[in-house]
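The values are calculated or read from the model by the stated rules, or taken from the named source; none is laboratory data. Quick caveat, the model's predicted, so the values are computed rather than measured. Cβ coordinates were reconstructed from backbone atoms using ideal geometry, including for glycine residues, and neighbour counts include every protein chain displayed.
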């Protein structure tokens, strides 16, 4: 054990220096925070609803919470209840079994509410379309403010769709 400690002191720190703060990125984050506060009045609370997706979109949504995208730092967070949400982020074609649950979630979300449809399935039904087991696109069940196409959409596209919806709230008010 003593030999390992001596080697550590002899070798020293071999890791890279931490990256320096990027002023342009810091300014962009500040502008996004101001935009959210100006349009919503507080941190943006999102309720995610999986209406029958393959979970490809969910993987991209989860990556928004990692250290690279860090949407919590932008003042955007996910909530467990639609009663606390400002926005619904809906993925997948709406399966017949999820139709009523999606409508109830929409009704439970306080006004003014925003709805973002994610992925090709959410935007137009994708490869599933409308059939005996699927209602198709999300707009067939609840009103949609912004659609983010892609199979699955990138985290950047999802973030852009969220910010577009926040901006559209102010434009429609």
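Would you check if there is a residue in region 103-120 being touching a residue at least 40 places away in the same chain (Cβ under 8 Å) and over 18 Å from residue 166 (Cα atoms)?
Yes: one or more hits.
May I ask you to say which residue of 78, 9 is out of contact with any helix residue (DSSP H, G or I) (no Cβ under 6 Å at 6 or more places or on another chain) and surrounded by 14 or more Cβ atoms within 10 Å (Cβ to Cβ)?
78
Given the residues 58, 72, which is the only one that is at pLDDT below 90, under 19 Å from residue 165 (Cβ atoms) and not in a loop (DSSP other than H, G, I, E, B)? Step through it out loud before you land on a result.
Values: 58 fails: at pLDDT below 90.
Just one listed residue meets the conditions, 72.
Hey, among the residues in region 30-49 that are crowded, with 17+ Cβ neighbours inside 10 Å and either free of Cβ contacts under 8 Å to residues at least 12 places away in the same chain or touching a strand residue (DSSP E or B) at 6+ places or on another chain (Cβ under 8 Å) (or both), which one's nearest to residue 98 (Cα to Cα)?
Ranking the candidates gives 49 first.
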